[in-house]
Amino acid sequence: MIQIPKGTKDVLPSQVHKWQFVEKTARETAELFAFREIRTPVFEHTELFARGVGDTTDIVTKEMYTFLDKGNRSVTLKPEGTAGVARSFIENGMAGGVLPAKMYYLIPAFRYERPQAGRLREFHQFGVELYGAADPAADAETITLADLFLKKLGLKQVRLELNSIGCKHCRAKYNEALKEYFRPHLAEMCPDCNARFEKNPMRIIDCKEEGCRRFTAGAPRMLDYLCDDCKAHFEEVKALLARAGVAYEINPSIVRGLDYYSRTVFEFVTSAAGAQGTVCGGGRYDSLIEQMGEKPVPAVGFAAGMERLLMVMEAEGAPMPEPSGTVCYLAGMDGASRAKAFELATMLRAKGIACECDLMGRSVKAQFKYADKSGAKFVAVIGGSELEEGAVSLKNMATSSSEKVAFADLADYLSSNGAN
């Protein structure tokens, strides 16, 4: 038997309502803030991610699904959403349109890494991107959107951690301080940190190796090296979050894992048992568009992993809506009544009422068992007498009560008794 590829997962019909709830909440929350959906290709030219995500990141150096197509062009399944949105922003001339450009996405993404709880090789993200606004209010609005989204999902054991990693000017001084600090310890640190030392020393702080964390814990803090502009920007972000009632903690260790970030960075971290870790992260990336060869455009955004969100919701026992079941099952006793059941089912569906009829040639008893398992609220029985009367025998599956309802009145009856 051919099995599912390692690091991927089926979402079964019995579970998909949970995904739909999170997706619906994401769309509704984003649109409250006037964000609109954008859809970009599932694969892009590999160069986009090398330039956009950063060639010092683990994503680009270790984790991308990259291959040559039949035209011998290098293409990559997208490992995250921001680079594709940035490419679309440039290619479609959005900088010349109405700004800020506010977009959100719900995407599959792909990274070749060791599968673990809440982290797969094919995973799904909800993300938002805001282009054109350099004001701290854009940072605060984006963070507030994420905060409201998580609250609407019913999550209570999630806290916001905040930091600033400055701009390229103040970060240059900080990188020199990091080099001075880490240089004596390089022999005891992992190969990745040694490679990052010259290219992007700030990435060393993000290392998860225990041997390296002994040294990163005492490293200089970026907050102590912020220039006046970056410091003022960060203070205004904090002030606006306080006005919005969004609680936060300062965490100087947050640098995020991608090269394009600048100034504000943030993570929503869970403390739910069995689900510790980041559920949503983002920040500002004013240099991204410039990094891709265009004139600079300020930008800010975040992404949240759907699999991890669902895992955290389960760990917290967050309320989850029940799957929407069938409203009415139409049970036919013989060929003529099954044909009438099919006709009525077609009429009910046209009026927006979810229903089923027998497709397996089952007995009436077996049809009732199926209807019960499927969660149908009503079963409409049709036999010879019902065909003569022009009415179904309608059973309420919750109360076991039955009554006759005319064929012509069935849709109205179901609508007024909880069908919609």
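Residues considered: 234, 182. Of these, the only one that is touching a Cys at 6+ places or on another chain (Cβ under 8 Å) and in a helix (DSSP H, G or I) is 182. Pairing residues of the stretch 338-352 that are within 16 Å of residue 367 (Cα to Cα) with residues that are of a type in the set (Val, Ile, Thr) and at pLDDT 95 or above, at Cβ distances under 7 Å and at least 6 apart in sequence or on separate chains, gives 340/382; 341/382.
Looking across the stretch 400-414 at every residue that is surrounded by 13 or more Cβ atoms within 10 Å (Cβ to Cβ) and closer than 15 Å to residue 342 by Cα, the one that is nearest to the chain's Cα centre (by Cα) is identified as 411.
In the stretch 153-172, of all residues being of a type in the set (D, E, K, R) and crowded, with 16+ Cβ neighbours inside 10 Å, the one that is modelled with the lowest pLDDT corresponds to 171.
Taking residue 366 as the residue in question, decide whether it is without any contact (Cβ under 8 Å) to a residue 60 or more places away in the chain, of a type outside the set (Asp, Glu) and closer than 14 Å to residue 330 by Cβ. Here the answer is no, as residue 366 does not meet what is asked.
Taking the stretch 140-164 as the region of interest, how many residues are part of a helix (DSSP H, G or I) and either in contact (Cβ under 8 Å) with a residue 12 or more places away in the chain or among the β-branched types (Val, Ile, Thr) (or both)? Residues flagged as part of a helix (DSSP H, G or I) and either in contact (Cβ under 8 Å) with a residue 12 or more places away in the chain or among the β-branched types (Val, Ile, Thr) (or both) within the stretch 140-164 amount to 12.
Here's the yes/no breakdown for (1) within 29 Å of residue 145 (Cα to Cα); (2) touching a Pro at 6+ places or on another chain (Cβ under 9 Å); (3) assigned to a helix (DSSP H, G or I); (4) at pLDDT below 95:
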| residue | (1), (2), (3), (4) |
| --- | --- |
| 7 | no, yes, no, yes |
| 13 | no, yes, no, yes |
| 19 | yes, no, yes, no |
| 29 | yes, no, yes, no |
| 39 | yes, no, no, no |
| 54 | yes, no, no, yes |
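With respect to residue 43, is the statement that it is free of Cβ contacts under 8 Å to residues at least 60 places away in the same chain, closer than 16 Å to residue 303 by Cα and in contact with a Leu (Cβ under 6 Å, 6 or more places away or on another chain) true?
Values: free of Cβ contacts under 8 Å to residues at least 60 places away in the same chain: yes; closer than 16 Å to residue 303 by Cα: no; in contact with a Leu (Cβ under 6 Å, 6 or more places away or on another chain): yes.
No.
So which residues in the stretch 266-322 are surrounded by fewer than 23 Cβ atoms within 10 Å (Cβ to Cβ), within 26 Å of residue 121 (Cα to Cα) and among the polar types (S, T, N, Q), if there are any at all? Scanning the stretch 266-322 gives 271, 276, 278. Among all positions in the stretch 132-139, there is no residue which is in contact with a Lys or Arg (Cβ under 7 Å, 6 or more places away or on another chain), buried (at least 22 other Cβ atoms within 10 Å of the Cβ) and in a strand (DSSP E or B). Residue 50 meets the conditions (1) within 30 Å of residue 191 (Cα to Cα); (2) among the small types (Gly, Ala, Ser); (3) at pLDDT 95 or above in every case but one. The failed one is (3). In the stretch 209-228, the residues that are surrounded by fewer than 16 Cβ atoms within 10 Å (Cβ to Cβ) reach residues that are in a helix (DSSP H, G or I) with C-beta atoms within less than 7 angstrom, at least six apart or across chains, in these pairs: 211/188; 227/169; 227/170. Of all positions in the stretch 190-204, none carries a residue that is under 28 Å from residue 136 (Cβ atoms) and loosely packed, with under 14 Cβ neighbours inside 10 Å. Scanning the stretch 372-399 for residues that are among the small types (Gly, Ala, Ser) and more than 42 Å from the chain's Cα centre (by Cα) yields 383, 384, 385, 390, 391, 393. Only a single criterion out of (1) at pLDDT 90 or above; (2) farther than 30 Å from residue 47 by Cβ; (3) more than 21 Å from the chain's Cα centre (by Cα) is not satisfied by residue 279, namely (3).
The values are calculated or read from the model by the stated rules, or taken from the named source; none is laboratory data. Just so it is clear, the structure is predicted and the values come from calculations on it, not from any experiment. Cβ atoms come from the backbone with ideal geometry, glycine included; neighbour counts cover every protein chain shown.
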